[in-house]
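Student: Shown below is the structure under consideration.
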Amino acid sequence: MVEMVFAVLIIAFIFTLFIKNNRVASIISLVVSLFPLAAFLDWGREFGINLISIGFENTMNINMAGITLHFSISPLAWFFGIMLFSLIPPILLYSYSFFSKNDGFYPFMILLMVSVMGILLSSDFLSFFLFWELMALGIFIMICRNGDRKAMVRYLSYSVLSGVLILAGIALLYHMNGTLLFAEIMLKADFETMVAITMLIIGFAIKAALMPLHTWVPPVYSTSDEPFVAFLSGGLSKIGYYGMLLLLFAMPGARVMEAYINSSIATYLLAIIGSLTAFFATFLAIFEDDLRKLLAYSSIAQLGYIAVGIGTGSSIAMAGALFQAFNHAFFKATLFLAAGSVAYRTGKWKISELGGVAYKMPLTFMAALFAIFALAAIPITSGFAAKWLLYEAAIERRYVFIAPIMLIAGVGAFLYSFRILYGVFLGENRYPDIKEAPKPMVAGMFLLVMPLIIFLIFPGYMLDMMDSFLSSAGLATISHSPYVIHTTLGNYNTIAVIVGMMFAMIPAFLIYVLRKQHLVDFEDNFIGGEIPSLYEHISMHAAHNFYKPLKDVVMPYLEGGATSIYSSLYKVVEKIADGARKIYDGVVQDYAIYVMLFLLIIAGWLLW
Amino acid sequence: MVIHPVLLIAIPLLFAFLMPLLKRAKAVTIIILLFNTLLAILMFHNVYNNGPLYEIIAFSPPIGIYLYVDNIAALLAVMINLLAFINFLSVEKVEIKFAMLYLLAVASSTGIVITGDIFNMFVFFEIAAVSSYALVAWKRDKEALEGAIKYMVLGSIASVLMLVGIAFLYSEFRSLNIYDIMNRMDEGSVLILLSFAFLLTGIGVEAEIFPLNGWVPDAYQGAAGSIASLLSFGPSKAGIYAIARLLMIFSWQQSYDLALSVGIMTLLIGELAAFRQENVKRMLAYSSIGQMGLILISLSMLDSTDYAIIAFFFLLVSHAASKGALFLLSERKGFGSNASKYAGIVSVMSLIGMPPMAGFWGKWYIIMGAMQMEAWWIIAAIVFSSVVEAAYFARYLSTTMQEEEHASIIAAYPPAIMATLTLLLGILPFIYKIATIGGVING
Amino acid sequence: MVTVVSGLINVLIIAIYATVAMMIGILFMGIGRKIVARVHNRVGPPIYQGFIDIAKLILKKTNITHGWIYDLALLFSITGIVLTILFLPIGGVKLLSTEGDAFLVLYLLAIPALGFALGAGASGNPNSAIGVMRALVMMLSYELPFVISMVALMIYYDTTSIAEIVASQYGKWAILIPPFAISAAVADMALQGMLMEAPFDIPIAPHEIASGPMAEFGGKHLGSLMIYKAGTIVAYTTLFVDLFLGGGVVMKGGIVADVVNFIVWFILIFLVFTLSLLINTSFPRFRIEQAFKFYWKYEAVLAIIALVWVYWMVIS
Amino acid sequence: MIWAIYFAIASLLAIGIYGVITKKNLMKIFISISIMETGVNLMLIAIGYIPGGTAPIENGDFTTYVDPLPQALVLTAIVIGVSVLALALVMVINYYEKNKTLEYRRLMKW
């Protein structure tokens, strides 16, 4: 039945290419996007999770003239599939109102679905790479639609670099093993394998936006359409981590290597890079004024945590990484969609130009608020459970460097979260005439929040979902009930927190209802002993350059980061390129001299 | 059914010179190119099922003119004729002289591919070159003339050098038959080294390898889009195929090493020169140089790995079709219509090596091959050049995608058809089978 | 039946402890003002002044609000701080602290701050926004040394649970182990920032930004913020005592031990609070960037020294 | 004797290349190319030459004759050379009309 899902998607891709009407295309793609989701939900039976039962088969081999592509489902792929494909329908629902006409968004979303499905199901490197590049292509076309030069150049360069590195790694593995099938590749603890794995991991890290390979992310996220960015940040960036997990943990040969890798510095390095990514990207997000760039840096930071988990490699860390991936998918998608709704109504992206949107768009605000709580890992949101697992893992492994860095990055998340809350949604009511976002958009956002709420109360269900992966990777599963997670170091009981919270809310609620209150106008307030006149415009919105004191201290250390290294590298390449150009100086005599010199040199070389 | 490969050359030549009598140049040319394409396809079918095809004209082999068609040659013939046909559709006003020159160029490019005689190859090179000079200068403005003159000077030097090489070869073996020479290569003395050097330099000018390719950017910049397109899939591809044969004839380790180093240099210089280029046609020309380097690298691996021939084929076809489409598109500032956008994106992606385009398989097999050889330098060069290439093509797309320019159907569809070819070839990798069955030449 | 009864008793104990802790916090506010006054050579208000203030505020008849987001401040601040106290062992009584751990407490402490910040943001008063900004930057500043110290403790005792840390310290308080003496000193300065006492009373600086986040609060909202303030005193000092001073546990088993431990705990948090007040009275206010540099340069270096020391001890 | 011919060939080629490389006048460049072509034609004939051989014409009684193939090749080469030269001259004329000079000037570079 894999064939059927692929066929439906491909037909829908071609079909939607020729539909101009946005709503029709949206509904078609929405319906189509339910097919892979249903398939993945159904495949849960394989891993002991019965959600629905249709009876899809889960293996497929396509034979095309001497080349066979193998597809089958694995526990890791299943987890990622559930995550990514439950992300898509709400986004498509949101797009129902977001776009005015179908100019390529829907077909290429479907193409991305095809590629994601292919990547997740592939069980040999050829089909993996084929669909991997197809995904890169799909993303590029999505970026092309808005045609920002910086975004296109950076994305395509990085993407091609990643593709070539992955290809080289695959080729090396193939050369050493003589097979492309995951099941037959035995990774060995020798130098060539390490080179191959390093190349592959760098390739994956580019998609996963690990620092210092992240510089394509801010321009791309800040110039593309929000529904697509929601999927890119929430869903597709995880595919890079899927590749890493596949390589380091899920491949049958991976266990052989683990002994080597654990004793080496390699994965520790990955964890350190992940934590530094989280740290620096958080600081960059704190000072960013463009809402989309802020969210982009925040994405980079949150994705860094996943790398920490993968690098740490214990079962707690792995659970934390997967949990974090899942959470990030949903809260970041919600936030991007919320940013999109705000821009849909106000047309502004700069935080310093926004403000007071919450009063007119309360539903959008509520969705965004919940997502921000999850982002900042406020306890009992599922975001906390994920971070908590990662912290536990770092302490368990005694990572004295990584644990504080991660914790402080977590605190930094409060800073930029507040900037979103205050700068965009609260403060001065600058847009008194806007309306709430259209209903499909709101519905899309709330659908995205739903999984977060489920795993808020029952983080254990999430651990159930990853149990079969952990045991297939040879890691111990974590003892848990639906609402309690036990680790060797400590427990996290959501019911205790919720009950405690209800208990603690009693006095607060009593105080709240004790005396009546009346609503006053927003501008009716007290500034330095004066009541500002309503007629005289005073900006009461302190959103511009919000963290200036901190910025003054920190910025000197943040400058000269990856971007400046790349720009100096770019300048060097430019110089060399100019040199290469100068060879073709347009003088035919010079060209004739080149010809004669070439003749002399090769004749001399051959004779000698 | 017996197919005479000679018809592929003879018919266009005949009609080229009958053209002044026939008047309706466009219709006649289109019919001939279509006929040729079908003939080439039939020939390919025949060769694919029955093995290589020989045709002998006048004398018996070692002395007489000799045509030899194997799988790859037949496919290249199909490619050249098919692309020439599609490309010709995009020419709006066809003069008789133009049609003549066009047919000559196509016929001679096909001739280079299917001939089995080295002097014949020279003659076809010269016909291709003469018609290309005239076609490049077709616009008759300053730039076109300058490009044509540069091309002509270098081309003439090349022809002299090629002839010298042939003279050396002849004096050594008293034969001009490629397969005869190949079988007797062990008898050769030091003179064949010189002959290799002269032939490589001579053919290299046509095949755009560094540093013999000075004419490339200027001629492409000066020529009209459809001419640049013809140059990129016709004579230059035939030239690189001639180099492939040259390497097979003189199959020493030294010559492969030489091809590798020249290929890497061509790749890097071409891509770097394109990196900062603002003029679209010139950028595409530099990019062609880079791609030629990549193809040459794949040729240099012929001896060491089985992947080389497949990589060579996919790179060649992908580059021919995509560059053809891009040169056609370069006539206008932007893409405008959806068909043009489709053509532009698919072609660029094929050149960069994204699935499901043909270029993907080229990239896949060349890296597989390089890894099998454990040639780290090739990998490094390919990684670097791919990134540079991606950067300037992204820049190119970012400017062209935005420009809204209306294109007539005649201008918009031929590139789209070419792009579809690369797409189909990538999706249906039946070529894999073909390429594994037949070698470049098995005499 | 027995489990239900014992469960109810547990709930009752937890409720009593939480209430008492909050009362102690309010009492400490009064005591604090008294001590500060004495240092200033004034008489000062009576020590039950905190109760009077809060009662007055929450019983005020006219209350204004700027909308439902503004009201979140009230709900979040009290809920958050009480919840935090529930997860801290008080005098060896674990309350809910076996169900969560130090990371949970660290993040729970952010809930009231976030609610506070939301309310301040919704009030539309620029002073509030600036105050929140300062508070958040302060948070970022003091968390680094504090977190490093905490990680050192966790690695040493190989647990993240505060209850476990307290239990492990029975008989030998962490502060008596040389590296943790450094850690404790560092954490005490971080505590100064957490309690917003001078020299780190930057977020609520009355003279500069009209008390910052609370500028626009009044009536029951301000009252709830004062309750929150009282709660933070208890929560942070208890956290410090639990981490470094063995949670005040000097005896084990039985009601008597609980009472004794409670008294020791009370004395200890009082001492910690008094120390913080004495520092408060003897320093002027830092600027925000000075505070940031202080914590990230000197404090962090000390904390790292302690951490490396501990790491070395654990490994060898 | 034969070495003198090879020397002549080498000098013709060298003169031609020297001309192409140093001269700025387009006419001179193409004349140099013609000289090179002459050189290479001479070379082909020289290769086919067999000492004491007669012309390869069937007259009933000959035993040693020069290799006929190079002569055929030379004929072809001469024709090609002439056609290229003719085209070159057409272009030079066009070039002169456009630029009013025969000096080589570059318009396109880099």
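Student: Can you find a residue that is of a type in the set (S, T, N, Q) and at pLDDT below 90 anywhere in segment B:164-171? Spell out how you get there, then give the answer.
Tutor: So the first thing to find is which residues in segment B:164-171 are of a type in the set (S, T, N, Q), and the list is B:171.
Narrowing the set further to residues that are at pLDDT below 90 leaves B:171.
Yes.
Student: Which of the residues spanning segment A:461-482 are closer than 30 Å to A:Leu92 by Cβ and either within 23 Å of the chain's Cα centre (by Cα) or not assigned by TED's automatic domain parsing to the domain that holds A:Ile498 (or both)? Explain how you work it out, then say what you get.
Tutor: Quick first cut of segment A:461-482, residues closer than 30 Å to A:Leu92 by Cβ only: A:461-466, A:468-469.
Residues satisfying the conditions are A:Tyr461, A:Met462, A:Leu463, A:Asp464, A:Met465, A:Met466, A:Phe469.
Student: Filter segment A:102-143 for residues that are part of a loop (DSSP other than H, G, I, E, B) and within 11 Å of another protein chain (Cβ to nearest Cβ) and give the result. Full working, then the answer.
Tutor: From segment A:102-143, those part of a loop (DSSP other than H, G, I, E, B) are A:102-104, A:123; that's our starting set.
Within segment A:102-143, A:Asp103, A:Gly104 qualify.
Student: OK, next. Kindly indicate which of B:Ser330, B:Ser350, B:Ser337 is surrounded by fewer than 24 Cβ atoms within 10 Å (Cβ to Cβ) and not basic (Lys, Arg). Full working, then the answer.
Tutor: Working: B:Ser330 fails: surrounded by fewer than 24 Cβ atoms within 10 Å (Cβ to Cβ); B:Ser350 fails: surrounded by fewer than 24 Cβ atoms within 10 Å (Cβ to Cβ).
Just a single option satisfies the conditions, and that option is B:Ser337.
Student: Check whether at least one residue in segment C:118-137 is in a loop (DSSP other than H, G, I, E, B), farther than 17 Å from A:Asn493 by Cβ, facing another protein chain (nearest Cβ under 7 Å) and of a type outside the set (Val, Ile, Thr), and report yes or no. Break it down stepwise before answering.
Tutor: Kept after step one, since they are in a loop (DSSP other than H, G, I, E, B), are these residues of segment C:118-137: C:124-125.
With farther than 17 Å from A:Asn493 by Cβ added as a condition, the list becomes C:124-125.
Of the ones still in play, those that are also facing another protein chain (nearest Cβ under 7 Å) are C:124-125.
Narrowing the set further to residues that are of a type outside the set (Val, Ile, Thr) leaves C:124-125.
Yes.
Student: Here's a follow-up. Only residues that are in contact with a strand residue (DSSP E or B) (Cβ under 8 Å, 6 or more places away or on another chain) and of a type outside the set (D, E, K, R): list them for segment C:97-127, please. Please lay out each step first, then the result.
Tutor: Of the residues in segment C:97-127, the ones in contact with a strand residue (DSSP E or B) (Cβ under 8 Å, 6 or more places away or on another chain) are C:98-101, C:104, C:125-127.
Correct list: C:Thr98, C:Gly100, C:Leu104, C:Asn125, C:Pro126, C:Asn127.
Student: Taking segment A:278-318, which residues are out of contact with any Asp or Glu (no Cβ under 8 Å at 6 or more places or on another chain), among the hydroxyl-bearing types (Ser, Thr, Tyr) and over 21 Å from C:Leu136 (Cα atoms)?
Tutor: Listed by number, the residues that qualify are A:Tyr305, A:Thr312, A:Ser315.
Student: Right, next: For the structure I just gave you, tell me whether A:Glu428 is surrounded by fewer than 24 Cβ atoms within 10 Å (Cβ to Cβ), over 27 Å from C:Leu109 (Cα atoms), at the interface with another protein chain (Cβ under 9 Å from one of its Cβ atoms) and more than 19 Å from the chain's Cα centre (by Cα).
Tutor: Details: surrounded by fewer than 24 Cβ atoms within 10 Å (Cβ to Cβ): yes; over 27 Å from C:Leu109 (Cα atoms): yes; at the interface with another protein chain (Cβ under 9 Å from one of its Cβ atoms): yes; more than 19 Å from the chain's Cα centre (by Cα): yes.
Against the criterion (surrounded by fewer than 24 Cβ atoms within 10 Å (Cβ to Cβ), over 27 Å from C:Leu109 (Cα atoms), at the interface with another protein chain (Cβ under 9 Å from one of its Cβ atoms) and more than 19 Å from the chain's Cα centre (by Cα)), A:Glu428 qualifies.
Student: For the structure I just gave you, tell me whether B:Ala273 is within 18 Å of the chain's Cα centre (by Cα), surrounded by 24 or more Cβ atoms within 10 Å (Cβ to Cβ) and closer than 24 Å to B:Leu329 by Cα.
Tutor: Details: within 18 Å of the chain's Cα centre (by Cα): no; surrounded by 24 or more Cβ atoms within 10 Å (Cβ to Cβ): yes; closer than 24 Å to B:Leu329 by Cα: yes.
No: the conditions fail for B:Ala273.
Student: Please specify each residue of segment C:274-307 satisfying the condition of being among the β-branched types (Val, Ile, Thr), within 14 Å of chain A (Cβ to nearest Cβ) and surrounded by 15 or more Cβ atoms within 10 Å (Cβ to Cβ).
Tutor: To start, the set of residues in segment C:274-307 that are among the β-branched types (Val, Ile, Thr) comprises C:274, C:279, C:281, C:288, C:301, C:304-305.
From the residues that got through so far, the ones that are within 14 Å of chain A (Cβ to nearest Cβ) too are C:288, C:301, C:304-305.
Scanning segment C:274-307 gives C:Ile288, C:Ile304, C:Ile305.
Student: Of all the residues that make up segment C:138-179, how many are more than 7 Å from every other protein chain (Cβ to nearest Cβ), in a helix (DSSP H, G or I) and not small (Gly, Ala, Ser)?
Tutor: Adding up the residues that qualify gives 16.
Student: Can you name every residue in segment C:72-83 that is more than 7 Å from chain A (Cβ to nearest Cβ) and in contact (Cβ under 8 Å) with a residue 60 or more places away in the chain? Lay out the reasoning, then the answer.
Tutor: To start, the set of residues in segment C:72-83 that are more than 7 Å from chain A (Cβ to nearest Cβ) comprises C:72-73, C:76-77, C:80-81.
Within segment C:72-83, C:Ala73, C:Ser77, C:Gly80, C:Ile81 meet the criteria.
Student: Which residue pairs have Cβ atoms under 6 Å apart, sit 6 or more places apart or on different chains, and have a first residue in segment C:44-67 that is more than 8 Å from chain A (Cβ to nearest Cβ) and a second that is surrounded by fewer than 16 Cβ atoms within 10 Å (Cβ to Cβ) and modelled with pLDDT of 85 or more?
Tutor: Between residues of segment C:44-67 that are more than 8 Å from chain A (Cβ to nearest Cβ) and residues that are surrounded by fewer than 16 Cβ atoms within 10 Å (Cβ to Cβ) and modelled with pLDDT of 85 or more, the close pairs are C:Gly44/C:Ala37.
Student: When you go through (1) facing chain A (nearest Cβ under 10 Å); (2) part of a helix (DSSP H, G or I); (3) out of contact with any strand residue (DSSP E or B) (no Cβ under 7 Å at 6 or more places or on another chain) one by one for C:Asp188, which number turns out not to apply?
Tutor: (1)
Student: Quick one: C:Ile35 ticks every box in (1) touching a Leu at 6+ places or on another chain (Cβ under 6 Å); (2) free of Cβ contacts under 8 Å to residues at least 60 places away in the same chain except a single one, so which number is it?
Tutor: C:Ile35 satisfies every listed condition except (2).
Student: If you go through segment B:376-414 one residue at a time, how many are aromatic (Phe, Trp, Tyr) and away from every other protein chain (no Cβ under 14 Å)? Before the answer, list the steps.
Tutor: Taking segment B:376-414 first, the residues aromatic (Phe, Trp, Tyr) are B:376-377, B:384, B:392-393, B:396, B:413.
Next, only the ones that are away from every other protein chain (no Cβ under 14 Å) stay: B:413.
Going through segment B:376-414 one residue at a time, the tally reaches 1.
Student: Quick check, is A:Ser26 more than 26 Å from A:Gly340 (Cβ to Cβ) and surrounded by 15 or more Cβ atoms within 10 Å (Cβ to Cβ)? Reasoning before the result, please.
Tutor: Numbers: more than 26 Å from A:Gly340 (Cβ to Cβ): no; surrounded by 15 or more Cβ atoms within 10 Å (Cβ to Cβ): yes.
For A:Ser26, the condition - more than 26 Å from A:Gly340 (Cβ to Cβ) and surrounded by 15 or more Cβ atoms within 10 Å (Cβ to Cβ) - is not met.
Student: If C:Lys252 meets every condition in (1) under 30 Å from C:His66 (Cα atoms); (2) basic (Lys, Arg); (3) not in a helix (DSSP H, G or I) apart from one, which number is that one?
Tutor: (1)
Student: In segment B:317-340, how many are within 12 Å of chain A (Cβ to nearest Cβ) and modelled with pLDDT of 85 or more?
Tutor: Qualifying residue count for the region: 0.
Student: Just need a number here: residues in segment A:216-228 that are within 14 Å of the chain's Cα centre (by Cα) and β-branched (Val, Ile, Thr).
Tutor: 2
Student: Could you list, in sequence order, the residues of segment C:15-36 that are under 14 Å from the mean Cα position of the chain (by Cα) and either among the β-branched types (Val, Ile, Thr) or on the phi > 0 side of the Ramachandran plot (or both)?
Tutor: C:Ile24, C:Ile26
Student: Check whether at least one residue in segment A:180-203 is part of a helix (DSSP H, G or I) and among the acidic types (Asp, Glu), and report yes or no. Don't jump to the end; show me each part of the working.
Tutor: First, the residues of segment A:180-203 that are part of a helix (DSSP H, G or I): A:191-203.
Imposing the further condition that a residue be among the acidic types (Asp, Glu) reduces the set to A:192.
Yes, the conditions are met somewhere in segment A:180-203.
Student: Select, from A:Ile52, A:Ile67, A:Ile19, A:Ile28, the only residue that is in contact with a helix residue (DSSP H, G or I) (Cβ under 8 Å, 6 or more places away or on another chain) and closer than 27 Å to A:Leu463 by Cα. First the steps, then the outcome.
Tutor: On the way: A:Ile67 fails: closer than 27 Å to A:Leu463 by Cα; A:Ile19 fails: closer than 27 Å to A:Leu463 by Cα; A:Ile28 fails: closer than 27 Å to A:Leu463 by Cα.
Answer to the check: A:Ile52.
Student: Output the number of the condition that C:Gly218 fails; it satisfies all remaining conditions of (1) buried (at least 19 other Cβ atoms within 10 Å of the Cβ); (2) closer than 23 Å to C:Leu59 by Cα; (3) at pLDDT below 80.
Tutor: (1)
Student: Could you please tell me which pairs satisfy a Cβ distance under 7 Å, a separation of 6+ or placement on different chains, a first residue in segment B:358-379 that is among the basic types (Lys, Arg), and a second residue that is outside any helix (DSSP H, G or I)?
Tutor: As it stands, the answer is B:Lys363/B:Gly353, since those pairs meet every condition given.
Student: Within segment B:182-208, how many residues turn out to be more than 12 Å from every other protein chain (Cβ to nearest Cβ) and either free of Cβ contacts under 8 Å to residues at least 60 places away in the same chain or surrounded by fewer than 24 Cβ atoms within 10 Å (Cβ to Cβ) (or both)?
Tutor: Number satisfying all stated conditions: 7.
Student: Checking the structure you have, find out if any residue of segment B:132-150 is within 19 Å of D:Ile35 (Cα to Cα), out of contact with any Leu (no Cβ under 9 Å at 6 or more places or on another chain), modelled with pLDDT under 90 and within 11 Å of chain D (Cβ to nearest Cβ). It would help to see each step written out before you state the result.
Tutor: In the first step, residues of segment B:132-150 are kept if they are within 19 Å of D:Ile35 (Cα to Cα); the result is B:149-150.
Applying the additional criterion that residues be out of contact with any Leu (no Cβ under 9 Å at 6 or more places or on another chain) yields B:150.
Applying the additional criterion that residues be modelled with pLDDT under 90 yields B:150.
Those still in the list that are within 11 Å of chain D (Cβ to nearest Cβ) too: B:150.
Yes.
The values are calculated or read from the model by the stated rules, or taken from the named source; none is laboratory data. These numbers come from a predicted model, not from an experiment. Every residue, glycine as well, gets a Cβ built from its backbone with ideal geometry; the counts of neighbours run over all protein chains shown.
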